[in-house]
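The values are calculated or read from the model by the stated rules, or taken from the named source; none is laboratory data. Note that the structure is predicted; figures quoted are calculated from it, not measured. Counting neighbours? That spans all protein chains shown, and the Cβs are built from the backbone with ideal geometry, glycine included. SASA here: full protein model, heavy atoms, side chains in, ligands and nucleic acids out. Shrake-Rupley method; radii C 1.70, N 1.55, O 1.52, S 1.80 Å.
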Amino acid sequence: MIMFVSVSCNKLIEPEVYSILTDANAFQTKDDAIAAVNAVYSRLKQPSGTNDSWMYYAGFQVTITDLTTDAGHASSGGDVGLMSDCNWGPTNTYLAYAWQHQFKLISDANNALYYVPKVAVITDNEKAQFQGELRFLRALGYYDLTSAFGAVPLMTEEDVAKNIQSPDYEAKVPVTDVAKLDEFIISDLEYAAAHLPVNYTSHAIYSTNDVGRATKGSALMLLCKLYMRQHQWQKAVDATTSIMALKQYELYPSYAGLFAESNKWSSENIFSALSNNLLDATEMMNHFGPINNTEVTDRWQYFGIPWHFWNTFEKTDERREMFYYDYIGTDGLHYVQPPAGVTTPPKGFYYLSDVASKKYADPKGSTTYLDGHVFPILRYADALMSRAEALNELSGPNQESIELVNKVKARSKATLLGSAGTFTQASLREAILQERGWEFFFECKRREDLIRMGKYESVVNKYLSDVGKQPRINMAKHKYFPYPQAQVDLNSNLVNTDRQ
């Protein structure tokens with residue numbers, strides 16, 4: 001039996017609209033302000049418009065930092081392989097991603113900085129708190145952008161106001177030079193340091209201990225990073241003095257424990273991108289985890305550490321054990337490092353092209369597709385190492401620098417440095433650089449460390465040559481990445497002359 005249904009088209013069904021969010025009724029309550037601030041934090045990890053959960057500080061950031069040095073490798077080819085081979089160009093997708101997501105963080109912070117102060121019901125203290133968090137997050141975005149691209153357009157909440165009054169969707173915004181951008185970053189961070197609390201225990205505005213929020217220590221540590229980049233050594237020392245005076249931070253007892261997926265926060269964390277595998281999860285385990293492993297299954301080893309770098313760890317250094325360097329795979333093969341000059345493995349063996357890290361692939365962690373690893377953006381070990389470096393740059397080898405470095409080394413049972421008298425300023429600088437590489441691998445610090453110490457060209461070119469690849473780094477062209485071609489096409493003020 002066939003039934004026919006007659007449908008009248010004389011009148012469309014009108015949906016019942018219960019509410020519409022507009023400029024007139026948005027940003028009315030304290031909860032609205034908190035929601036706006038929280039949304040900016042989400043930009044530290046998540047993209048928009050895709051299902052990928054690995055952008056920015058959910059793992060992606062390593063592609064424009066560690067992966068472009070001697071301490072990162074991608075064997076998958078494509079644009080990420082070109083980054084790993086130091087053979088990038090303006091059309092590389094990963095440069096476009098970096099620009100996109102760092103500016104999204106800044107844009108969302110600017111929007112919130114424009115609207116939140118207009119919420120009439122919040123107090124001056126609440127406004128200062130919210131603005132302190134937002135200005136820290138904006139400063140972080142601009143710090144990352146200027147480290148990667150140098151001079152970029154400077155956009156603030158004032159531009160939000162202008163665009164509301166008279167939008168110009170084809171505006172070609174001029175770039176601001178790095179010196180002026182640094183001044184802007186410092187202004188934001190000084191405000192944040194002055195208005196943010198040292199922690200969120202029994203906080204008047206947030207009812208829970210919100211450990212992932214920006215604090216006074218976060219602002220001071222990012223200031224320290226900027227002063228280090230500028231070679232403003234005394235200011236960097238002063239910043240670390242202020243951090244230590246807060247008495248909020250100490251090294252976590254175990255390096256492996258620090259990066260356990262279950263360890264969401266500790267006294268070593270100054271600022272991190274937090275997550276868990278049930279809510280706001282990431283794909284870090286997929287990208288950093290080992291292939292065909294029986295403990296950490298179904299992972300891709302998209303990002304690995306070159307054997308060239310892993311071989312520099314001492315056998316007594318516990319950080320050496322933070323890698324999947326020797327295991328029997330799910331296919332029964334023995335996964336190992338290939339002997340020098342050997343490309344074809346014997347029967348029963350598989351030669352790994354690089355070595356996967358446990359830092360974001362905890363063998364006791366998630367077994368689901370998404371995971372909850374925390375990405376450490378700023379931690380106390382960096383404060384100690386930065387202070388040691390700055391003191392050495394100010395006055396040469398000194399006992400405090402030695403003790404600070406040894407404090408970090410001792411946790412991992414690495415061989416301690418000798419007395420200050422056994423070093424020159426140059427040799428202690430080299431020892432600090434080496435220790436930073438071992439301590440902060442895959443934490444987005446290697447490239448800036450090499451550039452700051454004047455070693456990027458020599459170290460990376462030697463690595464490329466040693467592994468049979470073309471040495472490509474020329475500091476005259478490679479201090480900054482080229483602007484993404486899509487942005488150059490939109491804005492004639494972005495010029496890639498002398499960039500590669």
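Points to keep in mind about this one:
- Furthest towards positive pole of dipole, 150, 350, 54, structure part the chain, Cβ charges: 350
- Dipole magnitude (debye, nearest 20) for region 210-335, charges at Cβ of Lys, Arg, Asp, Glu: 720 debye
- Centre-to-centre, using Cα atoms only, region 451-498 and region 105-159 are separated by 29 Å.
- The chymotrypsin sites (Phe, Trp or Tyr not before Pro) found in region 158-263 that occupy coil by DSSP, while having at most 14 further C-beta atoms within 10 Å, are 169, 206.
- Shape of region 304-393, Cα gyration tensor, a/c cut at 1.5: oblate
- Only lysines eight or more places from residue 479 in sequence, or on another chain, were considered; those with a Cα closer than 29 Å are 45, 104, 172, 180, 225, 235, 359, 445, 455, 462, 469.
- The residues neighbouring residue 444, those whose beta-carbon lies less than 9 Å from its own, together hold a net charge of -1 under the Lys/Arg +1, Asp/Glu -1 convention.
- Cβ-based charge dipole, the chain, positive-most Cα from 390, 217, 421: 421
- Dipole magnitude for the chain: about 800 debye, using +1 per Lys or Arg Cβ and -1 per Asp or Glu Cβ, origin at the Cα centre.
- Relative contact order for the chain, counting Cα pairs under 8 Å that sit 6 or more residues apart, in percent: 18 percent
- Heavy atoms of the protein chains alone define the surface here; on that basis the chain has 45 Å² accessible area per residue at 1.4 Å probe size.
- Checking every one of the GluC sites (Glu not before Pro) in region 134-223 against DSSP loop status and a limit of 13 other Cβ atoms within 10 Å picks out 170.
- To put it simply, the accessible area of the chain at a 1.4 Å probe is 53 percent carbon and sulfur.
- Remark: region 324-401 carries a charge dipole of roughly 220 debye about the Cα centre, counting +1 on each Lys and Arg Cβ and -1 on each Asp and Glu Cβ.
- Signed unit charges on C-beta, dipole axis of the chain, positive-most listed residue 226, 471, 274: 471
- Per-residue SASA entry for residue 201, accessible area with 1.4 Å probe, Å² rounded to 10: 90 Å²
- Applying a DSSP loop filter and a limit of 13 other Cβ atoms within 10 Å to the chymotrypsin sites (Phe, Trp or Tyr not before Pro) in region 303-372 leaves 369.
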